[in-house]
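Colleague: Here it is, the structure, as structure tokens.
The values are calculated or read from the model by the stated rules, or taken from the named source; none is laboratory data. Here the structure is a predicted model, which means the values were calculated and not measured. Cβ: placed from backbone, ideal geometry, glycine included. Neighbour counts: every protein chain shown.
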Amino acid sequence: MSRTRVDETSSIQNHLPMLKLFDSSLRLCAVPLSLATVWITVTNNQDNTSYGTLRYSNFSGLNIVSFFCRYMVYVSALCTCYAIVAAACSWVKYVVTKAWIFFISDQIVAYIIITSIAATMEIYYLAYNGAKEDSWSQACSSYGKFCRKVKLALILHMITFGCFFFLAVISAFRAFSVFDPPSVNSQDVLED
């Protein structure tokens, strides 16, 4: 029985450098995705002869849309900063031994990203379909280019979430692999 435990431990130790490289690669992949989300959202604008110009910095009268787009930009900027710092820290021996730091922070970032995705998808849905009972018209029929760029930014943000989802799984594995599995007594199993 102890031989199997030693083999399992050495197997985990052999895969840790590859896992560390994959972890760092995912963190570094999240940086350009988040930066692209910020860039596309901030530079997004479209002129319409009937309704005027719509741009990220000037949602005249659409405070809720402005809030959620800004929220996505702030979350993407946070993701960029966190991914850079975490990628650098993942190679520092002292920080790597504190697996719970990555576990908690990766979970928090993943949840924050999913909240901004949900909020932005809600606004995109309203802009695309409208809500007649609430007097919201379909903005995407008049501002198609603007909506396509919001959709692209949302897709990039979802891919960023995918990176952080896998990072959360990896950090959970690292945090909980240091604990032994619960021991099962053969008499307890026979009694059940």
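Colleague: Do we find that R27 is modelled with pLDDT of 90 or more, within 29 Å of I123 (Cα to Cα), surrounded by 15 or more Cβ atoms within 10 Å (Cβ to Cβ) and basic (K, R) in this structure?
Modeller: Yes.
Colleague: Of the residues in segment 156-181, how many are surrounded by fewer than 14 Cβ atoms within 10 Å (Cβ to Cβ) and closer than 20 Å to M72 by Cα?
Modeller: Matching residues across segment 156-181 total 0.
Colleague: While we're here: How many residues does segment 36-55 hold that are in a strand (DSSP E or B) and out of contact with any Asp or Glu (no Cβ under 7 Å at 6 or more places or on another chain)?
Modeller: 7
Colleague: I want to confirm something. Restricting to segment 76-133 and keeping residues that are of a type in the set (D, E) and at pLDDT below 90, which single residue is nearest to S177 (Cα to Cα)?
Modeller: E122
Colleague: To continue, here is another question. Please determine, by comparing only the residues of segment 102-142 that are small (G, A, S) and part of a helix (DSSP H, G or I), which one is surrounded by the fewest Cβ atoms within 10 Å (Cβ to Cβ).
Modeller: Here the answer is A118.
Colleague: Residues of segment 41-75 being at pLDDT below 80, hydroxyl-bearing (S, T, Y) and surrounded by 16 or more Cβ atoms within 10 Å (Cβ to Cβ), which ones?
Modeller: Y56, S66
Colleague: In addition: Taking the residues in segment 114-149 that are touching a helix residue (DSSP H, G or I) at 6+ places or on another chain (Cβ under 7 Å) and of a type in the set (G, A, S) as candidates, determine which candidate is nearest to L33 (Cα to Cα).
Modeller: Looking at the filtered set, the residue picked out is S116.
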